[in-house]
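Scroll down for the structure; my scribbles are underneath it.
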Amino acid sequence: FSPSSSIHIIPSFLSPQTCASLITSCLQKTSFSTTSENHVNFQTPDISLLEHPDIMSEFEGSIWPNVYTEIKTLYSIPSIEDSNQPSGISGFTEFGISPYSSASGLLSFLDLFVVKYDSNFKSLSMHRDGSLISFTIPLSDGHEGGGTVFECLEDNGRVEVHGEGEWGGVDGNKVKGKVGSLIVHSGKMRHGGGEVTRGERYVLVGFVDVECEAKGLFEACKEWGRWDVLDKRLKELEAKSSGRKVSKSRRWGYNRQGGMGGIDFTYDPEVVKRSLRERLKGAEKGRRETEIMFLEENNGGLTGFGNKFNSS
Ligand SMILES: O=C(O)CCC(=O)C(=O)O
Ligand SMILES: [Fe+2]
């Protein structure tokens, strides 16, 4: 299957109670704002759970481990210990100190946030996310309109439903996700938020990344035509590596003890940069092909990287 034209749905992923109490917690503890530095080009009134550890700690247990498992399976993301990779994830440890336990893998959140649509913010225009993989979980149904719009549903895109239960269905180019269903897609796929004509619509959105210090990122970018993600990473590394041996990075994921949290780790940006460059050199032809495809499809911008944690 092509990762850039399949929309994956997992019905009944979160219980309606969990969805409702996530909204309640957000409303009680903070307010929705568009001032986040995270989504530069496509601002949404949102609350980032990464900035609210109290809300995060309440909900991470029901969200992340399951999202992690689903995405790892859907996109065949290797675990660090799956060392049958051509040149091995061992590259990861050669770049620095792995913050991960051997039982964990290579996924982390760039951001995880709740978006609120209402008469002040009715829709989100078509865009691509800066993430490799994104997901949306509808949290409420007391509105008219809404839904997640996917451009590819007008063309070659398809929806793959994994598991049992009602998930809401497709209406034209819109996935009208039922409360609690998990909608996963490539961040490259052009999508947006359908117009809400009445009431309030809340959705949980996650931007998921593959660790940059591992081969995983290169393979994923190549396979999914996200050379923009690699270019940006390379630029960041270049900025970091001038005169520095060690760089710090922070991600949200599993730590060595198997618990969740923000993980700080260090690596040598020069080594990572050299390795990424080598890999890019070996892939020039593939790059041109996917870039042409990307340009042909690309009528809009990308959302911001949402990666505050990477600016050491
Ligand atoms: O509202 C939706 O269903 C999509 C939201 C989205 O694409 C985003 O916040 O990046
Ligand atoms: Fe998006």
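For the range 142-162, a residue qualifies if it is at pLDDT 90 or above and over 22 Å from the mean Cα position of the chain (by Cα), and the qualifying residues are GLY142, HIS143, GLU144, GLY145. For GLY130, state whether it is near ligand 1 (Cβ under 10 Å from one of its atoms) and either in contact with a Leu (Cβ under 7 Å, 6 or more places away or on another chain) or over 20 Å from VAL208 (Cα atoms) (or both). Judged against the criteria, GLY130 is a match. For the range 54-76, check the following and say yes or no: at least one residue is open to solvent by less than 40 Å² (accessible area, probe 1.4 Å), of a type in the set (Ser, Thr, Tyr), modelled with pLDDT of 70 or more and within 16 Å of ligand 1 (Cβ to nearest atom). No, the range 54-76 contains no residue that is open to solvent by less than 40 Å² (accessible area, probe 1.4 Å), of a type in the set (Ser, Thr, Tyr), modelled with pLDDT of 70 or more and within 16 Å of ligand 1 (Cβ to nearest atom).
Is there a residue being surrounded by 21 or more Cβ atoms within 10 Å (Cβ to Cβ) and not in a strand (DSSP E or B) anywhere in the range 198-205? Checked against the condition, which is being surrounded by 21 or more Cβ atoms within 10 Å (Cβ to Cβ) and not in a strand (DSSP E or B), the range 198-205 yields no hits at all. For GLU166, the conditions (1) away from ligand 1 (no atom under 15 Å from the Cβ); (2) in a strand (DSSP E or B) are fulfilled apart from (2).
In the condition set (1) open to solvent by less than 10 Å² (accessible area, probe 1.4 Å); (2) near ligand 1 (Cβ under 9 Å from one of its atoms); (3) under 25 Å from SER15 (Cα atoms), VAL149 is compliant with all but (1).
The values are calculated or read from the model by the stated rules, or taken from the named source; none is laboratory data. None of these values were measured; they are calculated from a predicted model. Every residue, glycine as well, gets a Cβ built from its backbone with ideal geometry; the counts of neighbours run over all protein chains shown. Ligands, DNA and RNA are excluded from the accessible area calculation, which covers all protein heavy atoms including side chains. Shrake-Rupley method; radii C 1.70, N 1.55, O 1.52, S 1.80 Å.
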